[in-house]
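Encoded as structure tokens, the structure appears first; notes follow it.
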Amino acid sequence: MNYLKKILVYALPYKRYAFLNIFFNILYALFGTLSFVVLIPMLKVIFPTKNEVTIAKKPIYKGLDHLKDFLSDTFTYNIQSIAHDDKLKALTIVIILVISTFLFKNVFNYLALYFGTFLRNGILKNLRNAIYKRTIDLPISFFSEKRKGDIMARIAGDVGEVQNSFLSVLEIIVREPLTIIFSIAAMLIISPKLTIFIFVFLPVAGFIISAIAKRLRQQSSDVQVEQGIFLSIVEETLNGLKIVKGYNAQAIFNNKFQESTSRFFSFSNKMMHRQNIATPLSEFLGIVTIAFLLWFGGNMVISGAINAESFLAFMGLSYNILTPIKALSKANNNVKRGNAAAERVLEIIESENPLKDKANAIIKEKFNSEIKFKNISFKYENEYVLKNFSLTIPKGQTVALVGQSGSGKSTIANLITRFYDVNKGAILLDGIDIRDLTTSSLRNQLGIVTQDAILFNESIKNNMRLLVNENVSDEAIIDALKVANAWEFVKDLPKGINTNIGDSGNKLSGGQKQRISIARAVLKNPPIMVLDEATSALDTESERLVQVALENMMRNRTSIVIAHRLSTIQNADLIAVMQKGEIIEQGKHNELITKNGMYKRLVEMQSFE
């Protein structure tokens, strides 16, 4: 229950529904008990005893010892007063009373479930919102260790499991216990001796059922973890479907998926076997208890210690206890599963964000003078990929970072955008450590264009305005497309800027996607641009178009260009050549060619003139 207790905070906005659910569950439990108690007068009318006498005076309460007789006589007295010794009329009244009791019981049951639905679905909504918000707030480093499919499984399956379990908790703490309490109270009034007898057997049944459910939580956790694994395989397969097919690797991925679903099959079977045995076993134990009760109670009826109608009502009340006990057993299993699911959900929600803003973080409104990398060192795991890196970028200048793969170029882009924090040193924006700024105000100063154009299954218009400004005009979008050399093909699309570009923009070519991505950055109009190998994945013709678009965008802006193709950065104000996390050369293009060092060798390898 530890994890489910933490989930309770997500129920607070719906507490009124919780109170109404509890209130109607109390009434349901009360009328559920009364529906068996009112059978006594009906049976008495149908099967009158020879020595039955008319009660002429209104009964007087004489204490708890005589409570049963007082209640029975009062009911009989009122029926006789209304029916005037007409047996058929008395029977009709009693039957109407029985029907009314069962009607109210079921109405209150519906109302309890009605308000419980708002509570369950409200918790489901709040949990999904919380886990999604946490997912997009957590740093990128968190997801390098987690499978995307596992995150999806937690948002879909685990949250749904928690939702189902929460109602089970309500049943455990309100509905079923109250049904048992009310039924026991009525049974004690009818016959304390019979009540004591039946409770000799119930703890034995409870102990056996509890033993069966003992390992259910661990098995439920295994099922949920494996679900995350096979969903991850699906997600990875869909993302890399071209590669999978191109390398004829369908069989390999199919085997991986089938191995995971086989483990899921095995874990699910073990869990369901334990669940499935609980219900028939509890029912069998209940019947055994009833059989002993029939034998013991039948002797009491024969000896005259209890009348037949009271014994039959007592039998009904006994069954009324067994039903919630079975429900409690099932709910207990659900709670164990829900607790395991809640643990996985809370693992995401309660994950610490090492990059969260400081309490007194500064809101940066404007970029004024320079970006400074001051003796920074950084490592993703054990080995440093940047070592005492220092570089100053004055406002309005374009600085290009070049070097072989693994030299640390893209890491600079990850650090300036604060996707990661430096291990040593500091990155200063106008003399202020970016760790002292709010993350949102820092990123408001930045525009990002990456090697992979990240687009969404929306129209071109929505791809641009949703990430920049939802109120931006169509004219501003078209102007940005023109700057990015994208309007030339967008205007010819069937619906122009309202054309849907498909999943990840797959209806467009690589160069078209990249130009849309550049147009989005232009529309944001930030003072600082970060271009992370923005043309490396393009063909020569697309590269020329995109390069013109980039030059248009970088005009009058401060730009950090991470370049693989050196032809794209020859006009940069400063080119920094990196090797193993350090700058080994820096200067303008012509200066570096004259030095006859690493930069010239890189240029020659790319056949650049």
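The values are calculated or read from the model by the stated rules, or taken from the named source; none is laboratory data. These numbers come from a predicted model, not from an experiment. A quick note on method: Cβ atoms are made from the backbone with ideal geometry, for glycine too, and the neighbour counts reach across all protein chains shown.
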Item to check | Single condition Asn388 does not satisfy, out of (1) at positive phi; (2) outside any strand (DSSP E or B) | outcome: (2)
Next on the checklist: Show the residue pairs meeting these rules: Cβ distance below 9 Å; 6+ apart or different chains; first residue within the range 343-372 and over 25 Å from Thr135 (Cβ atoms); second residue among the charged types (D, E, K, R) and part of a helix (DSSP H, G or I).
Outcome noted: Asn360/Asp436; Ile362/Asp436
Checklist outcome for this item: Given the conditions (1) within 30 Å of Leu34 (Cβ to Cβ); (2) more than 26 Å from the chain's Cα centre (by Cα); (3) of a type in the set (D, E, K, R); (4) at pLDDT below 70, every one holds for Glu171 apart from (2)
Next on the checklist: Take Lys330 and tell me if it is more than 17 Å from the chain's Cα centre (by Cα) and part of a loop (DSSP other than H, G, I, E, B).
Outcome noted: no
Checklist entry - Could you list, in sequence order, the residues of the range 153-181 that are hydrophobic (A, V, I, L, M, F, W, C) and either free of Cβ contacts under 8 Å to residues at least 24 places away in the same chain or surrounded by fewer than 22 Cβ atoms within 10 Å (Cβ to Cβ) (or both)? => result Ile155, Ala156, Leu167, Val169, Leu170, Ile172, Ile173, Val174, Leu178, Ile180, Ile181
Next on the checklist: For the condition modelled with pLDDT of 85 or more, closer than 20 Å to Asp452 by Cα and charged (D, E, K, R), what is the one hit in Lys513, Lys482, Lys491, Lys495?
Outcome noted: Lys513
Next on the checklist: Just to be sure I understand, how many residues within the range 227-247 are of a type outside the set (Lys, Arg) and more than 25 Å from the chain's Cα centre (by Cα)?
Outcome noted: 6
Checklist entry - What pairs can you find where one residue is in the range 14-30 and under 13 Å from Tyr110 (Cα atoms), the other is of a type in the set (Ser, Thr, Tyr), and their Cβ atoms are less than 8 Å apart, with a gap of 6+ or different chains? => result Tyr28/Thr179; Ala29/Thr179
Checklist outcome for this item: Counted residues in the range 344-363 being part of a loop (DSSP other than H, G, I, E, B) and hydrophobic (A, V, I, L, M, F, W, C) come to 4
Checklist outcome for this item: Thr411 vs (1) farther than 25 Å from Leu602 by Cβ; (2) under 35 Å from the mean Cα position of the chain (by Cα): all pass except (1)
Checklist entry - Only one residue in Glu609, Glu582, Glu591 is surrounded by fewer than 18 Cβ atoms within 10 Å (Cβ to Cβ) and at pLDDT below 80, so which one is that? => result Glu609
Next on the checklist: Of all residues being touching a Leu at 6+ places or on another chain (Cβ under 6 Å) and over 30 Å from Glu161 (Cα atoms) in the range 1-42, which is modelled with the lowest pLDDT? Just the residue, please.
Outcome noted: Val38
Item to check | Members of the range 248-275 that are of a type in the set (Val, Ile, Thr) and either under 26 Å from the mean Cα position of the chain (by Cα) or surrounded by 14 or more Cβ atoms within 10 Å (Cβ to Cβ) (or both) | outcome: Thr261
Checklist entry - Do any helices (runs of 4 or more DSSP H) entirely within the range 469-570 hold 2 or more residues that are touching a strand residue (DSSP E or B) at 6+ places or on another chain (Cβ under 8 Å), and if so, which? => result 510-524, 540-554
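Got at least one residue in the range 460-468 being part of a loop (DSSP other than H, G, I, E, B) and over 28 Å from Asp357 (Cα atoms)?
No, the range 460-468 has no match at all.
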Checklist entry - For the range 486-507, how many residues are closer than 21 Å to Leu241 by Cβ and either in contact with a Gly (Cβ under 6 Å, 6 or more places away or on another chain) or free of Cβ contacts under 8 Å to residues at least 40 places away in the same chain (or both)? => result 2
Checklist entry - How many residues are crowded, with 20+ Cβ neighbours inside 10 Å and farther than 20 Å from Ile371 by Cα if we restrict to the range 567-579? => result 1
Checklist entry - Can we say Thr392 is surrounded by fewer than 17 Cβ atoms within 10 Å (Cβ to Cβ), among the β-branched types (Val, Ile, Thr), more than 37 Å from the chain's Cα centre (by Cα) and over 30 Å from Glu488 (Cβ atoms)? => result yes
Checklist entry - Only one residue in Thr135, Thr195 is over 28 Å from Val38 (Cβ atoms), surrounded by fewer than 21 Cβ atoms within 10 Å (Cβ to Cβ) and not aromatic (Phe, Trp, Tyr). Which one? => result Thr135
Checklist outcome for this item: Checking Ile416, Ile376 in turn, the sole residue that is within 18 Å of Ile448 (Cβ to Cβ), of a type outside the set (Gly, Ala, Ser) and crowded, with 16+ Cβ neighbours inside 10 Å turns out to be Ile416
